[in-house]
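K.L.:
Dropping a structure here in structure tokens format, bear with me for questions.
Readers should treat all values here as calculations from the given coordinates under stated rules, not as data from a laboratory. Nothing here was measured: the structure is a model prediction, and the numbers come from that model. In this analysis, Cβ positions are derived from the backbone assuming ideal geometry, glycine residues included, and neighbour counts consider all displayed protein chains.
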Amino acid sequence: MASTPLRQQLSIMRQSLFDEGLLDHDQVSYLETLENEDDPDFIENIFTLFLRDSTKYIDSIEKALETTPVDYPVMETMMYRLKGSSASLGASKINGETNILINFLHDGDMESGKASLQKLKAEHANFKEKLAVYVGMLKQAKLSEY
């Protein structure tokens, strides 16, 4: 079993992700039930994949918005991928900001859409930083169990 101080830190960090509204408690709790002896690193893997993929989606959205004319098919595909993956993970603030972005761009409000994208990027950077620390702590806790 992992050391008690590390487990306590992990618990505090997990709760802070919920308290800050970065992660949805119910969704993460459900995902945790999917972790088992056949896939003991499920949570770490899904969080890591989200961090990698969401960064690509946001970069693609930004590039599509910067092209002239705007590359709507790419932008829409990436926005909906980000929306779906953030909902599946329980990344509440990312999902909310993505929905706002989608609404602005569907309404044709490109200036508000660009501002919304900057807000999404800032929210994503904050989320990515905190989730990366949490994933690192998860890995450390599992290593200390052996």
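K.L.:
May I ask for the net charge around residue 93, where only other residues with Cβ less than 9 Å from the Cβ of residue 93 are counted and Lys, Arg are +1 while Asp, Glu are -1?
P.N.:
Spelling it out: positives minus negatives among the neighbours equals -3.
K.L.:
Further, regarding this structure: Mind putting a number on the dipole of the chain about its Cα centre? Charges go on the C-beta only, +1 for Lys and Arg and -1 for Asp and Glu, and I need it in Debye to the nearest 20.
P.N.:
360 debye
K.L.:
What angle, in degrees between 0 and 90 and rounded to the nearest 10, separates the Cα long axis of helix 72-89 from the longest principal axis of the Cα atoms of the chain?
P.N.:
Helix 72-89 sits at roughly 20 degrees to that axis.
K.L.:
So what's the back-of-envelope 222 nm ellipticity for the chain, counting only DSSP H runs of four-plus at -39500 (n - 2.57) apiece and dividing by all residues, rounded to 500? Mind dumping the intermediate values first?
P.N.:
Values: 6 runs with 119 residues, N = 146.
Here the helix-only value at 222 nm equals -28000 deg cm²/dmol.
K.L.:
Whole angstrom only: what separates the Cα centroid of the range 92-146 from the Cα centroid of the range 24-62?
P.N.:
What the calculation gives is 12 Å, centre to centre.
K.L.:
Using the structure shown, select from 56/142; 119/142; 119/139; 63/128; 63/130 the pairs with a Cα to Cα distance greater than 32 angstrom.
P.N.:
Correct reply: 119/142.
K.L.:
Could you estimate the translational diffusion coefficient of the chain from the Stokes-Einstein equation, with Rh from the Kirkwood formula over C-alpha pairs, at 20 °C and 1.002 mPa s, in whole µm²/s? The partial results should precede the final answer.
P.N.:
Details: Rh = 16.2 Å.
After rounding, the answer is 132 µm²/s.
K.L.:
As I understand it, the value is the acute angle between the Cα axis of helix 92-106 and the longest principal axis of the Cα atoms of the chain; what does it come to in degrees, rounded to 10?
P.N.:
10 degrees
K.L.:
Oh, and also: Taking the Cβ-Cβ separation of residue 13 and residue 115 as r and a Förster radius of 30 Å, what is the calculated FRET efficiency to the nearest 0.05?
P.N.:
0.45
K.L.:
Using only Cα atoms and rounding to the nearest 10 degrees, what angle (0 to 90) does helix 110-145 make with the longest principal axis of the chain?
P.N.:
So the inclination is approximately 10 degrees.
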